[in-house]
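Below is one structure, written out as structure tokens; comments come after it.
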Amino acid sequence: MKVTCAQENLARGLSVVGRAVSTRSTLPVLANILLATDEGKLKLSATNLEIVITCWIQARISDEGAITVPARTFNDLISALPQEPVELELAEETQTLRVTCARTTANVKGIDAQEFPIVPTPDGDNRIRLEAGTFKEMIHQVTFAAATDDTRPTLTGIYTHFEGDTITMAATDGFRLSRRTAQFPGYMERPRTVIVPARALSELARIMTEDTEELFVTIPEGRNQIIFELDSAVLVSQLIEGNFPDFQAVIPKGHKTRTVLNTAAFLKACKTADIFAREASHTARVVIEPGDDAGQGYATISATSTETGSNVAQVDAEVEGAKVELNFNVKYLTDVLSVVNTPQVALETNSSTEPGVVKSVGEDDFLHIIMPMQFGR
């Protein structure tokens with residue numbers, strides 16, 4: 001193999017695939033990145049056996065070939081090089097990759113590409129076209145609510161349902177739930193539901209750029225995988241087996257109090273409260289006051305710490321309904337308010353012991369449910 005490419009393109013490609021490199025595997029090759037010539041381009045792949053990320057960069061191919069190199073060593077080396085053309089030349093007998101750039105030469109010991117796991121390829125059938133910007137927004141609005149421990153594996157994934165021209169995504173860790181729906185350009189004749197690891201979707205959002213206009217999704221039959229195709233990158237993820245909880249059953253059918261607040265002001269008040277709530281399991285009290293007959297009321301967000309102090313913040317609100325007092329995990333409130341994209345947000349409540357529902361005002365495709373915390377004595 002003999003290849004020449006731009007240093008900045010190679011560095012960018014390594015940043016795209018690098019997060020899929022395994023850090024705990026007993027197989028040394030999984031700590032490596034695959035470099036291979038592929039139809040006039042240089043292909044880079046990395047996998048931890050749960051996700052595979054592949055990207056292609058422009059290159060001048062003098063000799064075809066493939067090699068795997070230690071991800072950390074190679075990434076640090078390429079990052080340290082000047083923005084000049086980089087020449088990669090493989091000595092097959094020693095499996096050593098000679099790297100030359102300007103006045104710098106290095107030799108990186110690799111592992112035969114034959115030992116690298118087979119990289120799945122997209123299936124041309126049953127591809128679904130999604131609008132990239134909308135899908136990336138959906139990812140941000142649901143993945144933060146997924147569980148981070150493996151006690152219940154299905155909760156570490158994102159419920160993803162395709163039906164007709166509509167996609168629904170949901171995530172829950174047992175204490176909160178995010179649900180987002182959207183329409184997509186394609187159409188799915190037969191409804192399909194899968195559970196996609198939250199980490200895989202977060203990695204997909206990371207490698208999607210502002211220039212990414214569309215992506216294609218394929219769910220190959222019988223492979224327990226989902227494949228996302230971008231312009232010059234592909235992410236393949238294993239699906240999570242099991243049954244996702246019936247989240248529709250926990251969504252309140254109505255509300256007794258509806259509070260509309262300025263999103264930025266509510267978020268700022270919650271962030272301030274969390275400074276003092278951190279030592280008390282992030283518990284903050286939210287008091288909704290109806291106010292005058294015109295519906296002009298306010299929400300008071302307060303937190304107390306026996307060691308650091310306390311704070312109280314008041315935010316103007318339009319309140320319909322009765323006064324209500326709730327204890328919420330204010331970090332959860334901060335998380336959801338950070339992904340609300342409308343100037344105003346609604347908090348719908350029934351009582352101090354029932355879930356609160358956060359909705360974007362003016363858009364009905366997103367909702368978030370937070371379970372209240374127990375009141376202290």
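Of the numbered criteria (1) over 15 Å from Cys270 (Cα atoms); (2) aliphatic (A, V, I, L, M); (3) touching a Leu at 6+ places or on another chain (Cβ under 7 Å), the one Val315 fails is (1). Residue count for region 154-213, restricted to those that are free of Cβ contacts under 8 Å to residues at least 24 places away in the same chain, surrounded by fewer than 16 Cβ atoms within 10 Å (Cβ to Cβ) and among the polar types (S, T, N, Q): 3.
Here Leu333, Leu347, Leu326, Leu367 are screened, and the one residue that is surrounded by 18 or more Cβ atoms within 10 Å (Cβ to Cβ) and assigned to a helix (DSSP H, G or I) is Leu333. Just one of the listed residues (Arg192, Arg199, Arg206) is outside the structural domain of Leu14 (by TED's automatic domain parsing) and touching a Phe, Trp or Tyr at 6+ places or on another chain (Cβ under 7 Å), and it is Arg192. Within region 9-23, does at least one residue satisfy the condition of being closer than 15 Å to Ile118 by Cβ and surrounded by fewer than 20 Cβ atoms within 10 Å (Cβ to Cβ)? Checked region 9-23: no residue is closer than 15 Å to Ile118 by Cβ and surrounded by fewer than 20 Cβ atoms within 10 Å (Cβ to Cβ).
In this structure, is Asp246 among the acidic types (Asp, Glu), farther than 30 Å from Leu14 by Cβ and under 23 Å from the mean Cα position of the chain (by Cα)? Yes.
Checked against (1) within 30 Å of Thr68 (Cα to Cα); (2) aliphatic (A, V, I, L, M); (3) in contact with a Ser or Thr (Cβ under 8 Å, 6 or more places away or on another chain), Ala146 meets all criteria but (1). When the criteria are applied in full, Asp150 fails the requirement of being over 20 Å from Leu239 (Cα atoms) and surrounded by fewer than 16 Cβ atoms within 10 Å (Cβ to Cβ). Of everything in region 288-312 that is under 16 Å from Ala265 (Cβ atoms) and hydrophobic (A, V, I, L, M, F, W, C), the residue that is nearest to the chain's Cα centre (by Cα) is Ile301.
Is there a residue in region 304-319 that is touching a strand residue (DSSP E or B) at 6+ places or on another chain (Cβ under 8 Å), crowded, with 22+ Cβ neighbours inside 10 Å, in contact (Cβ under 8 Å) with a residue 60 or more places away in the chain and over 27 Å from Met138 (Cα atoms)? There is at least one residue in region 304-319 that is touching a strand residue (DSSP E or B) at 6+ places or on another chain (Cβ under 8 Å), crowded, with 22+ Cβ neighbours inside 10 Å, in contact (Cβ under 8 Å) with a residue 60 or more places away in the chain and over 27 Å from Met138 (Cα atoms).
Let's see how each residue does on (1) free of Cβ contacts under 8 Å to residues at least 60 places away in the same chain; (2) part of a loop (DSSP other than H, G, I, E, B):
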{"position": "Arg24", "(1), (2)": "yes, yes"}
{"position": "Thr37", "(1), (2)": "yes, no"}
{"position": "Ile61", "(1), (2)": "yes, no"}
{"position": "Ile67", "(1), (2)": "no, no"}
{"position": "Asp76", "(1), (2)": "yes, no"}
{"position": "Pro82", "(1), (2)": "no, yes"}
{"position": "Leu97", "(1), (2)": "no, no"}
{"position": "Thr105", "(1), (2)": "yes, no"}
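Within the option set Ile128, Ile118, Ile139, being surrounded by fewer than 16 Cβ atoms within 10 Å (Cβ to Cβ), of a type outside the set (S, T, N, Q), within 26 Å of the chain's Cα centre (by Cα) and at negative phi holds for one residue only, Ile118.
In the set (1) modelled with pLDDT of 95 or more; (2) within 30 Å of Arg223 (Cα to Cα); (3) among the acidic types (Asp, Glu), the condition left unmet by Glu39 is number (1). Being outside the structural domain of Leu14 (by TED's automatic domain parsing) and within 25 Å of Val361 (Cβ to Cβ) is not true of Ala277. For region 314-323, the set of residues classified as of a type in the set (Gly, Ala, Ser) and part of a strand (DSSP E or B) consists of Ala317, Gly321, listed by residue number.
Checking each residue in region 174-199 for being in contact with a Leu (Cβ under 7 Å, 6 or more places away or on another chain) and at pLDDT 95 or above picks out Arg179, Val194, Ile195, Val196.
The values are calculated or read from the model by the stated rules, or taken from the named source; none is laboratory data. Here the structure is a predicted model, which means the values were calculated and not measured. Positions of Cβ are generated from backbone atoms using ideal geometry, with glycine treated the same way; all protein chains shown enter the neighbour counts.
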